[in-house]
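Asker: This structure is in structure tokens; I'll ask about it shortly.
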């Protein structure tokens, strides 16, 4: 019997430390998919990450002025990621590598969940492709 996969975004999967963000912006790369921009770096030092896939979400204040709207957009990005992270996580565990990702919202208008989900799914697929290229 196939057990249903549980979708959680655990605390240890979140990028929280200043040195991790600094390393990401100094050594990482980025690409844009729709309204989302993905910053990523592979193989960050082990003592800075606690999961094969660490993630952070951002909505710049200069693009979206109201905090309520920024929080809504971050919630939509987290949900889209949480629903579709498992293939990427499994690939990283198989290869015994780690990946740190920051997903930043780049639109000036409030996007619907479906648009964010579509961009997130395409971005995660591109990350899977990039992991294969660096192996």
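The values are calculated or read from the model by the stated rules, or taken from the named source; none is laboratory data. Computed from a predicted model, the values in this text were never measured in an experiment. Cβ placement follows ideal geometry from the backbone for every residue including glycine, while neighbour counts extend to all protein chains displayed.
Asker: Filter region 97-110 for residues that are touching a residue at least 12 places away in the same chain (Cβ under 8 Å), surrounded by fewer than 19 Cβ atoms within 10 Å (Cβ to Cβ) and more than 11 Å from the chain's Cα centre (by Cα) and give the result.
Answerer: Of everything in region 97-110, those that are touching a residue at least 12 places away in the same chain (Cβ under 8 Å), surrounded by fewer than 19 Cβ atoms within 10 Å (Cβ to Cβ) and more than 11 Å from the chain's Cα centre (by Cα) turn out to be 97, 106, 107, 108, 110.
Asker: Would you mind finding the one in 26, 3, 79, 46 that is over 25 Å from residue 111 (Cα atoms), surrounded by fewer than 18 Cβ atoms within 10 Å (Cβ to Cβ), at pLDDT 90 or above and out of contact with any strand residue (DSSP E or B) (no Cβ under 7 Å at 6 or more places or on another chain)?
Answerer: Answer to the selection: 26.
Asker: Right, here's the next one. Scanning for something over 15 Å from residue 103 (Cβ atoms) and buried (at least 16 other Cβ atoms within 10 Å of the Cβ), does region 53-72 turn up at least one residue?
Answerer: no
Asker: Let me ask you something else. Cβ-Cβ below 6 Å, separation at least six or inter-chain, first residue in region 59-88 and farther than 22 Å from residue 128 by Cα, second at pLDDT below 95 and loosely packed, with under 13 Cβ neighbours inside 10 Å: which pairs?
Answerer: Final answer for the pair search is 63/108.
Asker: On the given criteria, is residue 92 under 18 Å from residue 14 (Cα atoms), in contact with a helix residue (DSSP H, G or I) (Cβ under 8 Å, 6 or more places away or on another chain), surrounded by 13 or more Cβ atoms within 10 Å (Cβ to Cβ) and at pLDDT below 90?
Answerer: yes
Asker: Do we have residue 116 as touching a helix residue (DSSP H, G or I) at 6+ places or on another chain (Cβ under 6 Å), surrounded by 14 or more Cβ atoms within 10 Å (Cβ to Cβ), on the phi < 0 side of the Ramachandran plot and outside any helix (DSSP H, G or I) here?
Answerer: Details: touching a helix residue (DSSP H, G or I) at 6+ places or on another chain (Cβ under 6 Å): yes; surrounded by 14 or more Cβ atoms within 10 Å (Cβ to Cβ): yes; on the phi < 0 side of the Ramachandran plot: yes; outside any helix (DSSP H, G or I): no.
No; evaluated as a whole, the condition is false for this residue.
Asker: Another one. For residue 60, all conditions in the list (1) under 24 Å from residue 17 (Cα atoms); (2) more than 16 Å from the chain's Cα centre (by Cα); (3) part of a loop (DSSP other than H, G, I, E, B) hold save one; what is the number of the exception?
Answerer: (2)
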